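The values are calculated or read from the model by the stated rules, or taken from the named source; none is laboratory data. Remember, it's a predicted structure, so these values are computed and weren't measured experimentally. Cβ: placed from backbone, ideal geometry, glycine included. Neighbour counts: every protein chain shown. To get the accessible areas, we keep the full protein, side chains included, count just its heavy atoms, and leave off ligands, DNA and RNA. Shrake-Rupley method; radii C 1.70, N 1.55, O 1.52, S 1.80 Å.
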Amino acid sequence: MNQNFSRLQDSILVLCTLETLLSEYKKCLLKEKSDSVVYSALTSQIILNASSYIEEWELLGALSSEEPRILQLRKIAKPAIDRIKKWKDLKLVRNSVIAHNHRLPKQDNSLTITSIKRQLSCPNSLFDYKLLIGCIYVTKNALLRVFGEEYNEIVPYLKNIEQITPVNEIMNKKGYQKEMDEVVINVQTELDEYYAKIGLSDSI
């Protein structure tokens, strides 16, 4: 079922969805050791989704001319948003370290791995991440207090939102193995040709 939500409801839905994801990430994060790959992956997702939350919060703010209650909401939630914005490099880390290819477009595409300052104002410790997610949780609760009626109008339609259907999904081990073997053989063939040209041999 398709439902035309208002722009306000669109923002409410996005903000609530992002906050729910962040809360689930926090639950998983608390179970991981800080030096694990899973911990690193979770914290990256937290930075990505928290940055998206702040961007959507600003988009919501742009609707204040249509809905005066948004101004009241932003005033109520300002202490939490201000605390999040104390991490001044949150967006830089999201854009140039996590989401993109470790390059700084404004600095001649220099590599962040070698050129970025090591002292960054962004979440790093477990308690930083807990505080970041906690601040977002507080703003989401304020949002639902002010716009509870609008949110409740959305809820009945959520269960009818269609899931993304992957195209050409590999469904079993046999399918995976077939495609993986083809890739390895084709790459090996190209590699053999390359090494033949320079008089060497190698294999993957």
Filtering segment 141-183 down to residues that are charged (D, E, K, R), over 26 Å from the mean Cα position of the chain (by Cα) and exposed (fewer than 10 other Cβ atoms within 10 Å of the Cβ) yields Glu149, Lys173, Lys174
Leu191 surrounded by 11 or more Cβ atoms within 10 Å (Cβ to Cβ), among the hydrophobic types (A, V, I, L, M, F, W, C) and within 22 Å of Ser23 (Cα to Cα): no
Can you run down the residue pairs with Cβ atoms below 9 Å, 6 or more apart or on separate chains, where the first is in segment 38-59 and farther than 13 Å from Leu22 by Cα and the partner is among the hydroxyl-bearing types (Ser, Thr, Tyr) and surrounded by 21 or more Cβ atoms within 10 Å (Cβ to Cβ)? Glu56/Ser11; Trp57/Ser11; Trp57/Thr139; Leu59/Ser11
Scan segment 17-29 and give yes if some residue there is open to solvent by less than 60 Å² (accessible area, probe 1.4 Å) and either assigned to a loop (DSSP other than H, G, I, E, B) or among the β-branched types (Val, Ile, Thr) (or both), otherwise no. no
What is the number of the single condition among (1) assigned to a helix (DSSP H, G or I); (2) without any contact (Cβ under 8 Å) to a residue 24 or more places away in the chain that Asp35 does not meet? (1)
Among the residues of segment 39-88, how many are under 19 Å from Phe5 (Cβ atoms), under 13 Å from the mean Cα position of the chain (by Cα) and open to solvent by less than 20 Å² (accessible area, probe 1.4 Å)? 1
